[in-house]
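Trainee: Below are the structure tokens for one structure; questions will follow.
Laboratory data are not the source of any read-out in this text; all were calculated from the coordinates shown. Given the structure is predicted, the values throughout are model-derived calculations rather than measurements. In this analysis, Cβ positions are derived from the backbone assuming ideal geometry, glycine residues included, and neighbour counts consider all displayed protein chains.
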Amino acid sequence: GRSWTKIGDLDDSAAGRTVLIRGATQAIRPVSKKMAFVVLRQSMSTVQCVLVASADAGVSTQMVRFATALSKESIVDVEGVVSLPKEPLKATTQQYVHAEFVVNINLVEIQVRKIYCINRAIPTLPINLEDAARSEAEFEKAEQAGEKLVRVGQDTRLNYRTIDLRTPANQAIFRIQCQVENKFREFLLSKDFVGIHTPKLISGSSEGGAAVFKLLYNGQPACLAQSPQLYKQMAICGGYERVFEVGPVFRAENSNTHRHLCEFVGLDAEMEIKEHYFEVCDIIDGLFVSIFKHLTENCKKELETINRQYPFEPLQYLEKTLKLTYEEGIQMLKEAGTEIEPMGDLNTESEKKLGRLVKEKYGTDFFILYRYPLGVRPFYTMPCYDNPAYTNSFDVFIRGEEIISGAQRIHTPELLAKRATECGIDVSTISAYIESFSYGAPPHGGFGVGLERVVMLFCALNNIRKTSMFPRDPQRLVP
Ligand code: 4AD
């Protein structure tokens, strides 16, 4: 086949070369009957293509007219010669950059020889991409200058997600998401974890509680897995010492919040514990420090791009992750004037407050809170040996919001059945799971991470729908 050039790879050294590029027409600017500019975009990069009617170059005025008549966001192929723009042209390009939303503007241009339209977009798109890419600060500035700009609301964006995804920030967000997922695998593989896949069609609730999507499985009542919890533990019973899974997780919660989805990507891990469940915390510590480092060092362009539309403070974290007990957390809140029921759970507001207090005191946005009261943890959580009113469990927070929960699990069938019953679970629905612990089961623990939450909170975005490509929430099943 022919060789295609990536806009992001173009630089001065390409000057004089003839290239072939496919891209979307981000902007079309007619100058005269004989001249037009077409800005082509691929992902986060753009390049300006110049059409000048000239017999020498084989460019006709019809071709210029054809280019001028293209609709924005059409897919076109351009064949042309890479050139370095003259100074005045550069200036207009820069001006243009500010007027639109180009991030990675290429300082080279393409002198177009041929242009083909591969697929036309309709003349007026349902959302304006430039508006969708503006930061709040830009809107405010424009308003002060008396300009009328239209903000694109979250719902409208999601209704037309395929257009919305083209903004530079959105192009960056899902590249970051991919990096987090990839690092998760890479790190755990390096620690001898084995990637597994557990069923998503299961016979009963995996986390206890009613938040399940019910369905019929060949006529039998069944549901979508709320987590790989029971099966990842059974993999440990099956002789796999360390396992992880990346897969969809379904929650029928009717929570219309900024951080709950009905389907999200679960990053789960489960491992044998030799001496103490802090072995699980140590894995989390190494894993997340490596993810944060990787993003900071290798995803600069993506983070800057997100920052441009949604400004945020870089995440602060310690080389060795801070661990605080739940009681210490409660005490800190108490000293700051927030009373918490000592055996209850933290609500969103107190978690955020605790996040701020921890940051002030310890200088980190990332920490582990451990030893939660028994009553607020799932039935499979191991009670503390010294005080069964508490558990060998933990949550992990970024900027005061939960991204992980984890624990040591109960590995004896008697205690497991007792705890399930106490939590109101009909043990007959999970008998195969409970029985697994009668056949020889090592002490173990693990954790579950919400991928969308990690990206949302690393970048301090205000809504989890921004980090889910096609979010499922209580109101949304399409697109
Ligand atoms: O806290 P959760 O429910 O814990 C479990 O599923 C356990 N099986 C984990 C374990 O191994 N002990 O969910 C784990 C994580 C949360 O910390 C949060 O990041 C994310 O999953 N999460 C959600 N993300 C988006 N939307 C929702 N509705 C979520 N519910 C939980």
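Trainee: Under unit Cβ charges (Lys, Arg +1; Asp, Glu -1), what dipole magnitude, rounded to 20 debye, does segment 17-86 have relative to its Cα centre?
Mentor: Charge dipole, segment 17-86, about its Cα centre: 220 debye, nearest 20.
Trainee: How big is segment 291-371 by Rg and Dmax over its Cα atoms, in Å?
Mentor: Calculated on Cα positions, Rg and Dmax stand at 15.4, 45 Å.
Trainee: Sorted by mean Cβ packing within 10 Å, highest first, what order do the peptides 424-433, 211-220, 16-25 take?
Mentor: 16-25, 424-433, 211-220
Trainee: Below 16 Å, Cα to Cα, which lysines can Lys34 reach? Residues fewer than 8 away in the same chain don't count.
Mentor: By straight Cα distance, Lys34 reaches Lys114.
Trainee: Also: I'd like the FRET efficiency for Asn387 and Glu319, computed as 1/(1 + (r/R0)^6) with the beta carbon distance as r and R0 of 25 Å, rounded to 0.05.
Mentor: Step by step, r from the Cβ atoms, then E = 0.20.
Trainee: So for the chain, what percent of the C-alpha to C-alpha distances run longer than 42 Å?
Mentor: Tail of the P(r) past 42 Å holds 31 percent of the pairs.
Trainee: Once fully extended, how much extra length lies between Ala432 and Gln475, figured as 0.36 nm per residue of separation less the alpha-carbon to alpha-carbon distance?
Mentor: Using 0.36 nm per residue and subtracting the Cα-Cα distance, I get 12.0 nm.
Trainee: Now a separate question. Taking Cα atoms, how many degrees apart are the long axis of helix 413-422 and the longest axis of the chain, rounded to 10 and kept between 0 and 90?
Mentor: Helix 413-422 sits at roughly 80 degrees to that axis.
Trainee: Okay, moving on. Students often forget the sequence filter, so: which lysines lie under 24 Å Cα-Cα from Lys141 once same-chain residues fewer than 8 apart are removed?
Mentor: Once the sequence-local lysines are set aside, what remains near Lys141 is Lys466.
Trainee: Given the DSSP H assignment, sum -39500 (n - 2.57) over each helix run of at least 4 residues in the chain and divide by its residue total; what's the result at 222 nm in deg cm²/dmol, nearest 500?
Mentor: Rounded to the nearest 500, the figure is -9500 deg cm²/dmol.
Trainee: Right, next: Determine the gain in length on full extension of the stretch Thr162-Ser190; use 0.36 nm per residue of separation and subtract their C-alpha separation, reporting nm with one decimal.
Mentor: 6.5 nm
Trainee: Take the alpha carbon atoms of segment 168-190, find their center, do the same for segment 401-473, and report the distance between the two centers in whole angstrom.
Mentor: 22 Å
Trainee: Name the residue farthest towards the positive end of the dipole of the chain from the options Ser60, Gly337, Ala132, assuming +1 on Cβ of Lys and Arg, -1 on Cβ of Asp and Glu, about the Cα centre.
Mentor: Of the listed residues, the answer is Ser60.
Trainee: Across every pair of different alpha-carbon atoms, what Kirkwood hydrodynamic radius in Å does segment 273-414 reach?
Mentor: Final number for the Kirkwood radius of segment 273-414 is 16.4 Å.
Trainee: Another question about this same structure. At most 13 other Cβ atoms within 10 Å and a DSSP loop assignment: could you name the trypsin sites (Lys or Arg not before Pro) in segment 45-90 that fit?
Mentor: For trypsin sites (Lys or Arg not before Pro) across segment 45-90 that sit outside H, G, I, E and B with at most 13 neighbouring Cβ atoms in 10 Å, the list reads Lys86.
Trainee: On to the next question. Where does helix 87-99 land angle-wise versus the long Cα axis of the chain, in degrees 0 to 90, nearest 10?
Mentor: Roughly 40 degrees between the two axes.
Trainee: Full-extension gain between Ala211 and Asp131, please, as 0.36 nm times their residue separation minus the C-alpha to C-alpha distance.
Mentor: Stretched fully, the Ala211-Asp131 segment lengthens by 25.1 nm.
Trainee: So what's the angle, to the nearest 10 degrees on a 0 to 90 scale, between helix 326-335 and the longest Cα principal axis of the chain?
Mentor: Computed tilt is about 70 degrees.
Trainee: Right, here's the next one. Using every pair of alpha-carbon atoms in segment 149-269, split the distances into 10 Å bins beginning at 0 and state the percent of pairs per bin, rounded to integers.
Mentor: 12, 30, 31, 21, 5, 1, 0
Trainee: Same structure again: Just rank Val449, Val194, fewest to most, by other beta-carbon atoms within 10 angstrom.
Mentor: Sorted ascending by nearby Cβ count, the order is Val194, Val449.
Trainee: Using Stokes-Einstein with the Kirkwood hydrodynamic radius over Cα pairs, what translational diffusion coefficient do you get for segment 6-75 at 37 °C and a viscosity of 0.692 mPa s, in µm²/s rounded to a whole number?
Mentor: Using the Kirkwood radius from Cα pairs, D works out to 257 µm²/s.
Trainee: I need the phi-derived Karplus couplings for segment 287-295: 6.51 cos²θ - 1.76 cosθ + 1.60, θ = phi - 60°, integer Hz, Gly and Pro marked x.
Mentor: Rounded to whole hertz, the list is 4, 6, 4, 5, 5, 4, 4, 4, 4.
Trainee: Would you mind ranking Val150, Val280 so that the residue whose beta carbon has the fewest other beta carbons within 10 Å leads the list?
Mentor: Least to most surrounded, the residues fall as Val150, Val280.
Trainee: Take the alpha carbon atoms of segment 372-422, find their radius of gyration, then divide it by 2.2 N^0.38 Å using N residues; give the quotient.
Mentor: Against the compact-globule rule of thumb, the ratio is 1.20.
Trainee: Work out which GluC sites (Glu not before Pro) in the chain are exposed loop sites (DSSP not H, G, I, E or B, at most 12 other Cβ within 10 Å) and give the longest gap free of them.
Mentor: Longest gap between qualifying sites, sites excluded: 1-146.
Trainee: Taking neighbour counts of Cβ atoms within 10 Å as a proxy for exposure, in what order, fewest first, do His197, His294, His444 appear?
Mentor: Placing the least packed residue first, the sequence is His197, His294, His444.
Trainee: Give me D for segment 361-479 in µm² s⁻¹, whole number, from Stokes-Einstein with Rh from the Kirkwood sum over alpha-carbon pairs, 4 °C and 1.567 mPa s.
Mentor: Value of D from the Cα-based Kirkwood radius: 78 µm²/s.
Trainee: Right, next: Which whole-number percentage describes the relative contact order of segment 341-479, with Cα contacts under 8 Å and a sequence gap of 6 or more?
Mentor: 19 percent
Trainee: Lysines near Lys418 by alpha-carbon distance under 24 Å, same-chain residues fewer than 8 away left out - which ones?
Mentor: Qualifying lysines at Cα under 24 Å: Lys232.
Trainee: Using the Cα centre of the chain as the reference point, and only Cβ charges (+1 on K/R, -1 on D/E), how large is the resulting charge dipole? Debye, rounded to the nearest 20.
Mentor: Here the chain has a charge dipole of around 2160 debye.
Trainee: How high is the relative contact order of the chain, in percent, with contacts defined as C-alpha pairs under 8 Å that are six or more residues apart?
Mentor: After rounding, I find 13 percent.
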